[in-house]
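Visitor: I'd like to ask you about the structure that follows.
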Amino acid sequence: MITRSYVIYPVEDIDSIVFADLLTTSAGTGRRSNDGTQILIKFTGDTPSWLEGKTIYSRTQIHSILNDPDGGWYTDENS
């Protein structure tokens with residue numbers, strides 16, 4: 001089983017993202033926070049060196065963040 005890892009990355013630093021290292025293929029394909037200041041990126045395997053020091057989330061952890069109605073990522077798809 002391939003394990004995906006997730007990072008919440010500041011949009012202001014988007015030029016430093018090496019999309020070739022990620023499953024997120026471009027700045028346009030990453031999910032953005034509701035206020036547009038952060039982008040969710042994902043990868044498999046070893047953590048790229050340029051992401052060292054960033055918080056790495058598991059699938060369960062990131063789903064908790066994305067599905068928190070009080071958080072900055074939640075969208076009510078029924079609205």
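Visitor: Being out of contact with any Asp or Glu (no Cβ under 7 Å at 6 or more places or on another chain) and either part of a helix (DSSP H, G or I) or not polar (S, T, N, Q) (or both) is the filter here, so list the residues in the stretch 31-48 that pass it.
Guide: Within the stretch 31-48, 31, 32, 35, 36, 39, 40, 41, 42, 45, 46 qualify.
Visitor: Do you know which residues across the stretch 1-54 are among the polar types (S, T, N, Q) and farther than 26 Å from residue 76 by Cα?
Guide: Answer for the stretch 1-54, where residues must be among the polar types (S, T, N, Q) and farther than 26 Å from residue 76 by Cα: 3, 16, 44, 47, 49.
Visitor: Within the stretch 34-79, track down each residue that is farther than 19 Å from residue 14 by Cβ, touching a residue at least 40 places away in the same chain (Cβ under 8 Å) and hydrophobic (A, V, I, L, M, F, W, C).
Guide: Passing the criteria: only 65.
Visitor: So which residues in the stretch 4-30 are open to solvent by 90 Å² or more (accessible area, probe 1.4 Å) and either out of contact with any helix residue (DSSP H, G or I) (no Cβ under 7 Å at 6 or more places or on another chain) or assigned to a helix (DSSP H, G or I) (or both), if there are any at all?
Guide: Result: 12, 15, 20.
The values are calculated or read from the model by the stated rules, or taken from the named source; none is laboratory data. None of the values given here were measured: they were computed from a predicted structure. For neighbour counting, all protein chains shown are included, and Cβ atoms are generated from backbone atoms with ideal geometry for every residue, glycine included. For the accessible areas, the whole protein counts, side chains as well, though only heavy atoms, and no ligand, DNA or RNA atoms are used. Shrake-Rupley method; radii C 1.70, N 1.55, O 1.52, S 1.80 Å.
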